[in-house]
Amino acid sequence: MEDYILQMEHITKTFPGVKALDDVNFNVKRGEIHSLVGENGAGKSTLMKVLSGVYPKGSYTGKLLIDGEEQSFSGIKDSEKAGVAIIYQELGLVRSLNVCENVFLGSEKKKGGFIDWDFEYKRTKELMQEVQLDVKADEKVGTLGTGKQQLIEIAKALSKDVKLLILDEPTSSLTEKDTDNLLELLLTLKDRGITCIYISHKLNEVFRISDSITILRDGKTIATKPAANMNVQEIISSMVGRELTNRFPKQEHKAGEVVLEVKNWTVENPENPEKPLLDDVCFQVRKGEILGVAGLMGAGRTELAMSIFGALQQHATGQLFLEGKEIKKMKHPREAIKAGIGYLSEDRKRYGLILDSDVRTNTTLASLDKLLRGGVIDTNLETRKTKEYIEKLGTKTPSMFQLARNLSGGNQQKVVIAKALLAEPKVLILDEPTRGIDVGAKYEIYQLMNELIDQGISIVMISSELPEIIGMSDRIYIMYEGKIRGELNSGVDEITQENILYYAAGGKKEDDK
Amino acid sequence: MTNNKSDSNAAKKIGLMLTNNFDKVSLFAEMLIIFVTFQIVTDGLFMTSRNLSNLLMQGATCSIIAVTMMLVIVSQNADLSAGSALGFIGCFAAAMQVQQNVNTPLTIVSVLVVGVLIGLWHGFWIGYKKLPAFIVTYASQLIFKGGTLLIGDGMSIGPVSKSFSTFGNGYLPKVILKDASFNDISLFITIIAMVIYVVIAFRSRMKSKKTGTASGSDALFALKTIFITAVIFIVCSIMVFQQGFSYAIIILAVLGLLFAFIVKYTPFGRYVFAIGGNAEAAKLSGISVEKTVMMIYIFHSVVTAIAAIVFLGRVGQATASAGTSFEFIAITGCVVGGTSILGGRGNVLGAIVGTMIMTGLDNGMSLLNLGATWQYIVKGLVLMLAIALDVMSKKGKAN
């Protein structure tokens, strides 16, 4: 009988319309480093939220045992009491407080009702030694780099006598050196008997430290095996493993001359100067092609689109060419729209729509200049144009005076597309164009993309869904840590999910696979 | 049986119509409650045409401010300085007139220039430097109060010239029927306004029918048109049968129509609502949030300056306390009139009517000889209630 610190049995968690976890079994032995891998949306984060009590007992089915005892967490406080600590991708430290205050935030050591600062500072000093971090207890956290903050998070967990430490994509924004430090620390902690669940896309890291690996796919456990019995290829094909059915109206497009070109595009990272958001990116978009941009979350895809579109706060260095001529870099989306670049955000509710305005207002918002007559909006023309695009895109709405809020996801997306098209772009950048849209509407969006290509518009599609990238793109760039790592051409290269994931997880062209 | 069914259908339809027009319905209900209550408790003093005409005069100043305060609130900003700006500008104008003997046209031009400068100041800090509007305009409030004391040394300055005070207490003259018991020019304008309204309503009805976006039956449309025409007539006749239209009311009406038009038919108007609804999305649609906010504050300060002219004209002299808490009357009026304190929603007519209701509240309480104590408490509660209603109705919609 193995000694398991954590047993999660037959966990099923459903959200409206989606089964996020489907009968998942996940068992972690005491004292091991156990990696959890899977594609975006495979259910890793959901599973960890069940474990940490974010999703309380009752909101899922199945059993959760720690040290062999069944637990019924109703919040994070409960799981912390049981010795579980989770460190998220986005750090949870308060930047304006100092190290000591952060370490004890929420669990202040009290003496006679007041904070025992002497004890806290002394303990913080010890903890900093434990995580091998050379900072003073009274330093402001905001002045420290991401790597150091990560270690403070771990110190915070250690201050609570953690037994099971969970790290969710801890290295996604760390430099190589910081990553090394962190991985070493995890091995040290393991020697001290702390069990660790490690979630990462970066398979080389996974292999460096793991004892066991569990693979999740589409909310199901695919396999749990000792790391020694696995290799990268096997993991990638288990992660992908789903069948591709004909869900994509793929057409062959004939790519023409280069429309948009970016050279040596670099954007600094204000929070971590050693690790730029975009690092010397060069790429071309040709007339009449769908260019796919793949990569994991945080690889810099959205930042690339936003910086070209002039919507990123940090300005880029590098050169921008439109139809062969070098043009000034965009300082505001207005300039990009005027130049013929359109961008659709991945989060249409937050960045795309005025939800409390009607369909017509939303449709024409970016092109009111074209609808003026004597400085005044010609509402007749506005109505005609809106009607034209509702018909063209097949938007289902009772009328153009319906509030955007009341439309379904697919139809909201069509309104945002209509807005971009009305501005007559030459290049249209679509960021996760089918996220949160049902299958039927997805197909319509794909068809629409093909039609736009026929009309001479070039499309850049950023997507985390590999089947979609493969199914629709003529050419694919794969990004990793702010760089373009690989390029795959339809008809020339073999385009498979494995190939893409290889580059997306940091693989290089020269490397042996 | 069939009768019953159609009855319940009709009831459903009316219910739906009422909930869809919650803003307008609740505004009307509030007005009715407040006016009827005062009518009863003041023994009929409140709704005499003399008092109502007086009320419109009193309310004109704050209603003028409310016209653009609406834009400020819709864009998710605030202006706590409007009242003290009005006091300051009034003091400045009075000083020009009385101490420097500047003529009325030049005084007015100078006042409008000061308005533009104030707008630039606010627009710079709020629009371009992204400072919270609440704090920036609160700071301005203090600065304007200090400025008022600086110019007037705490004394009142006056009286302003006769031509200047016309803006505040002058009325349209009778032109032909000089001995009639009513103001002939005002009556003429009223009739023209009614005709224009009916023509515009019909034309837009025809247009929406053609494009297939018409809603509601023809009977309902006719009823609505008749109702609104009647309201125009009743409101105007209050003045027509007293001294006629005052210049203050005409200024209010012109500004109201102008901004209603700007809101509906210019890119700027659209941008204000887009920014208030979702500033990020507005920016990604190519809208310059900075420039739009700057424009809002320039418009608003110029309109506040116009309000200052009207107010100074009516009172005749500038005092150190002039304008105190006018911004709150205007803000409350906007919210009562359907402007969402969360931004993105609002309309000019509602803002004016809402502010007039607030003035009515003021006026009624004065008729009842309620002291300042109770006036403050009642106004505070009304503001609280209006915002609570607004936020809760928005929450209901979001779910």
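The values are calculated or read from the model by the stated rules, or taken from the named source; none is laboratory data. Keep in mind that this is a model prediction, so the values were computed, not measured. With ideal geometry, Cβ positions are generated from the backbone for all residues, glycine too; neighbour counts draw on all protein chains shown.
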Report task. Of all residues in the stretch B:356-395, count the ones that are assigned to a helix (DSSP H, G or I) and either of a type in the set (Gly, Ala, Ser) or closer than 28 Å to A:Leu355 by Cα (or both). Result -> 18
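State the number of residues belonging to the stretch B:25-80 that are more than 19 Å from the chain's Cα centre (by Cα), over 19 Å from B:Val378 (Cα atoms) and either of a type in the set (Val, Ile, Thr) or crowded, with 24+ Cβ neighbours inside 10 Å (or both).
Kept after step one, since they are more than 19 Å from the chain's Cα centre (by Cα), are these residues of the stretch B:25-80: B:33, B:36-51.
When the remaining residues are screened for being over 19 Å from B:Val378 (Cα atoms), the result is B:43-45, B:47-51.
Next, only the ones that are either of a type in the set (Val, Ile, Thr) or crowded, with 24+ Cβ neighbours inside 10 Å (or both) stay: B:48.
Going through the stretch B:25-80 one residue at a time, the tally reaches 1.
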Query raised in the report: Looking at this structure, is B:Phe328 part of a helix (DSSP H, G or I), away from chain A (no Cβ under 13 Å), crowded, with 24+ Cβ neighbours inside 10 Å and of a type in the set (Phe, Trp, Tyr)?
Result: no
Requested in this report: Please work out which residue is farthest from B:Ile275 (Cα to Cα), limiting yourself to the stretch A:340-358 and to residues that are out of contact with any Phe, Trp or Tyr (no Cβ under 7 Å at 6 or more places or on another chain) and without any contact (Cβ under 8 Å) to a residue 60 or more places away in the chain.
Outcome: A:Asp347
Query - Residues located in the stretch A:136-146, provided they are in contact (Cβ under 8 Å) with a residue 60 or more places away in the chain and part of a helix (DSSP H, G or I) - result: A:Thr146
Query raised in the report: Does A:His34 meet the test of being outside the structural domain of A:Ala294 (by TED's automatic domain parsing) and farther than 23 Å from A:Val162 by Cβ?
Result: no
**Report entry** Residue count for the stretch A:195-237, restricted to those that are surrounded by 19 or more Cβ atoms within 10 Å (Cβ to Cβ) and without any contact (Cβ under 8 Å) to a residue 60 or more places away in the chain
**Finding:** 2
**Report entry** Test: residue in the stretch B:365-372 that is crowded, with 17+ Cβ neighbours inside 10 Å and assigned by TED's automatic domain parsing to the domain that holds B:Phe92
**Finding:** yes
Query raised in the report: Does A:Gly456 satisfy being surrounded by fewer than 21 Cβ atoms within 10 Å (Cβ to Cβ), of a type outside the set (D, E, K, R) and away from chain B (no Cβ under 11 Å)?
Result: yes
Report summary line: (1) at pLDDT below 95; (2) closer than 24 Å to B:Thr292 by Cβ all hold for B:Asn101 apart from (2)
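Based on what the data block shows, is B:Thr190 assigned to a helix (DSSP H, G or I) and farther than 30 Å from B:Met294 by Cβ?
yes
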Query - Residues located in the stretch B:180-219, provided they are exposed (fewer than 14 other Cβ atoms within 10 Å of the Cβ), modelled with pLDDT of 85 or more and not aliphatic (A, V, I, L, M) - result: B:Ser181, B:Phe202, B:Arg203, B:Ser204, B:Asp218
Report task. Give the residue that is surrounded by the most Cβ atoms within 10 Å (Cβ to Cβ), with candidates limited to residues of the stretch A:344-364 that are within 7 Å of chain B (Cβ to nearest Cβ) and more than 20 Å from A:Pro398 (Cα to Cα). Result -> A:Gly352
Query raised in the report: Just checking, how many residues over the stretch A:432-453 are crowded, with 19+ Cβ neighbours inside 10 Å and hydroxyl-bearing (Ser, Thr, Tyr)?
Result: 2
Query raised in the report: If we scan the stretch A:182-196, do we find a residue that is in a strand (DSSP E or B) and at pLDDT 90 or above?
Result: yes
**Report entry** Lone qualifier among B:Gly277, B:Gly256 - being among the small types (Gly, Ala, Ser) and at pLDDT below 95
**Finding:** B:Gly277
Query raised in the report: Taking strands (runs of 3 or more DSSP E) that fall entirely within the stretch A:1-53, which contain at least 1 residues that are out of contact with any strand residue (DSSP E or B) (no Cβ under 6 Å at 6 or more places or on another chain)?
Result: A:4-15, A:18-29
Report task. Could you tell me which numbered condition A:Thr397 fails, if it satisfies all but one of (1) touching a Leu at 6+ places or on another chain (Cβ under 7 Å); (2) not in a loop (DSSP other than H, G, I, E, B)? Result -> (2)
Query - Exclusive hit being within 14 Å of chain B (Cβ to nearest Cβ) and either crowded, with 17+ Cβ neighbours inside 10 Å or charged (D, E, K, R) (or both), set A:Arg247, A:Arg334, A:Arg301 - result: A:Arg334
**Report entry** Qualifying position, being closer than 29 Å to B:Cys236 by Cα, more than 14 Å from chain A (Cβ to nearest Cβ), in contact with a helix residue (DSSP H, G or I) (Cβ under 9 Å, 6 or more places away or on another chain) and at pLDDT 95 or above, among B:Val348, B:Val336
**Finding:** B:Val348
**Report entry** Complete set of residues in the stretch A:85-135 that are over 24 Å from A:Thr179 (Cβ atoms), basic (Lys, Arg) and assigned to a loop (DSSP other than H, G, I, E, B)
**Finding:** A:Lys109
Requested in this report: Go through A:His10, A:His34 for me and flag whichever is over 15 Å from A:Ile197 (Cβ atoms), of a type outside the set (Phe, Trp, Tyr) and modelled with pLDDT of 90 or more.
Outcome: A:His10
Query raised in the report: Among (1) modelled with pLDDT of 90 or more; (2) touching an Asp or Glu at 6+ places or on another chain (Cβ under 9 Å); (3) surrounded by 22 or more Cβ atoms within 10 Å (Cβ to Cβ), which single condition is A:Gln150 missing?
Result: (1)
Query raised in the report: Only one residue in A:Ala339, A:Ala366 is within 21 Å of A:Glu303 (Cα to Cα) and of a type in the set (Gly, Ala, Ser). Which one?
Result: A:Ala339
Query raised in the report: Checking B:Val353 against (1) within 14 Å of chain A (Cβ to nearest Cβ); (2) surrounded by 17 or more Cβ atoms within 10 Å (Cβ to Cβ); (3) in a helix (DSSP H, G or I), which test does it fail?
Result: (1)
Report summary line: Among residues of the stretch A:365-403 being more than 23 Å from B:Phe261 (Cα to Cα) and of a type in the set (A, V, I, L, M, F, W, C), the residue farthest from the other protein chains (Cβ to nearest Cβ) is A:Leu393
Query raised in the report: If only one of B:Lys224, B:Lys264 is surrounded by fewer than 18 Cβ atoms within 10 Å (Cβ to Cβ), free of Cβ contacts under 8 Å to residues at least 24 places away in the same chain, within 14 Å of another protein chain (Cβ to nearest Cβ) and not aliphatic (A, V, I, L, M), which one is it?
Result: B:Lys264
Requested in this report: Of the numbered conditions (1) in contact with a helix residue (DSSP H, G or I) (Cβ under 6 Å, 6 or more places away or on another chain); (2) among the hydroxyl-bearing types (Ser, Thr, Tyr); (3) more than 11 Å from every other protein chain (Cβ to nearest Cβ); (4) not in a helix (DSSP H, G or I), B:Ser321 fails exactly one; give the number of that condition.
Outcome: (1)
Report task. Starting from residues that are free of Cβ contacts under 8 Å to residues at least 40 places away in the same chain, of a type in the set (Gly, Ala, Ser) and in a helix (DSSP H, G or I), keep the ones in the stretch B:275-288 and report whichever is farthest from the other protein chains (Cβ to nearest Cβ). Result -> B:Ala282
